[in-house]
Structure formats: C-alpha cells, structure tokens
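Shown next, in structure tokens, is the structure this report addresses.
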Amino acid sequence: DVKVTQSSRYLVKRTGEKVFLECVQDMDHENMFWYRQDPGLGLRLIYFSYDVKMKEKGDIPEGYSVSREKKERFSLILESASTNQTSMYLCASSSPLDTYEQYFGPGTRLTVT
Amino acid sequence: AQRVTQPEKLLSVFKGAPVELKCNYSYSGSPELFWYVQYSRQRLQLLLRHISRESIKGFTADLNKGETSFHLKKPFAQEEDSAMYYCALSPRATGKLIFGQGTTLQVKP
C-alpha cells in the first residue's frame, strides 16, 4: 500500500516566518507534487518534481520553493509566510508506470497569522 | 488554455435518487480525464479514469468530446457517497493533473 506522509497535520506560523512542509513517500515513486487546496478553487499545483534534484514550477509557484535531495522526500518551503498562504497543502506522488494515479498525503493545514 | 470546470459547488440529493456531477474541460487534443474523491477525514484518491471505462462503486463517467464533458453518474445514490468530488485532466505525457474546483455531494437519508 502506497503511503505518503506529511510532517504536520496542523501548523500555525506568523507572517514573515520561513516555513518548511515535509513530504515522504515509501513506494520509490519518481514523481512528487505539491498542491494547495482552497474552497471554490480546487487543487492548484505549486511545484512538482520528476526526479531527485529536479523541480518544475506549477501554476502558482510565487512565494514558494521546493527541495528534493532524496527520492522519497519532497519539501515545500515558504520563504516568508504571508496570510494569503493560509491553506491546506497536499503532497502527492506517482510512478512513471502509471503517472495518472497520484497518491495523496493527509494534508497540512497551515494558518499564517 | 487547459481548464477543468465543475459548475456546482454543492449537490444535494436524497438516498436512492440519481446523481450527476458535471465536469467540462478545455483542452486542445485528446485528453486523459479522471474523477478523484475525498471522503470525510480521508485522503484524496482516484475514483475512476475514462480510459478504463469501468464502473467503480456504481459510478460511471463518459467522455463526450463534442460537448467537452466528463460527467460522473450514479443511478441510485447512497449515503456513503457523500464526499468531495474532483474532476481532473492530464495533458498528454506530462504526468500532471489539472483539477476542477470540486463538487460536494451530500446524500440525505
């Protein structure tokens, strides 16, 4: 069974703080993704990675960066958190053998005050 | 532009009634289309994909290229179908998914 874990379920940070969201998958998947989920807007892709040390911008990368030093781990970084980054963040992974089925983590609800 | 539109934020039906969750897409080419579902306090997961043409949990979805639609249907809704449903499109050979806004299905007893 594919397992995607995220470091925190809930996180509260102050404006201007640097925030790290961690995601780990245990199925040796090459592809990993970060989304934010907002009511009425659905899921929007922030960044994705097809391999270690590779990263590609998604649809809304502004204010975010990512790091993929190991295959199983994909980190999302908010360099200077702002209130408009309050959201649910979902990590996902997929195999190149079936790129269409993405396996999602439980999500991190981030509140920036 | 590549886009997925789900026009209904909330769909509320009674148990046993038919359900149709609407999805329209914009894509120049042959799309790969999917429905993902998120039950309460569970992870988002794949429900079905158009290429498999199968019925999952009684749900089916037919790709209509003329109307650029991929509506999700079930003849008789069950209370356990209550969830958030997302329609998604994958541009060919990218491995990415473009999601719609989501529709909450509420099945009342």
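The values are calculated or read from the model by the stated rules, or taken from the named source; none is laboratory data. This is a predicted model, so every value here is computed, not measured. Here the Cβ is made from the backbone with ideal geometry for all residues, glycine too, and neighbour counts use every protein chain on show.
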The condition of being touching a strand residue (DSSP E or B) at 6+ places or on another chain (Cβ under 8 Å) and crowded, with 19+ Cβ neighbours inside 10 Å holds, among A:Arg68, A:Arg14, A:Arg73, only for A:Arg68
Would you say A:Ser75 is part of a strand (DSSP E or B), modelled with pLDDT under 95 and farther than 26 Å from B:Lys9 by Cβ?
-> no
Original post:
Is it true that A:Tyr89 is under 26 Å from B:Leu47 (Cα atoms), more than 10 Å from every other protein chain (Cβ to nearest Cβ) and either touching a helix residue (DSSP H, G or I) at 6+ places or on another chain (Cβ under 6 Å) or not small (Gly, Ala, Ser) (or both)?
Top reply: yes
Flagged in the range A:80-113 as in a loop (DSSP other than H, G, I, E, B), over 15 Å from A:Met27 (Cβ atoms) and over 12 Å from the mean Cα position of the chain (by Cα), in numbering order, are A:Ser80, A:Ala81, A:Ser82, A:Thr86, A:Thr113
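Could you list, in sequence order, all residues of the range A:34-49 that are of a type outside the set (Lys, Arg) and touching a residue at least 24 places away in the same chain (Cβ under 8 Å)?
A:Trp34, A:Tyr35, A:Gln37, A:Asp38, A:Leu43, A:Ile46, A:Tyr47, A:Ser49
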Per the list (1) in contact with an Asp or Glu (Cβ under 9 Å, 6 or more places away or on another chain); (2) modelled with pLDDT under 95; (3) closer than 19 Å to A:Met88 by Cβ, residue check on A:Val19 breaks on (2)
Out of (1) within 29 Å of B:Glu8 (Cβ to Cβ); (2) buried (at least 19 other Cβ atoms within 10 Å of the Cβ); (3) touching a residue at least 60 places away in the same chain (Cβ under 8 Å), the one A:Asn31 does not meet is (1)
Here the residues within the range A:92-105 that are facing chain B (nearest Cβ under 10 Å) and surrounded by 15 or more Cβ atoms within 10 Å (Cβ to Cβ) are A:Ala92, A:Ser94, A:Ser95, A:Thr99, A:Tyr100, A:Glu101, A:Gln102, A:Tyr103, A:Phe104, A:Gly105
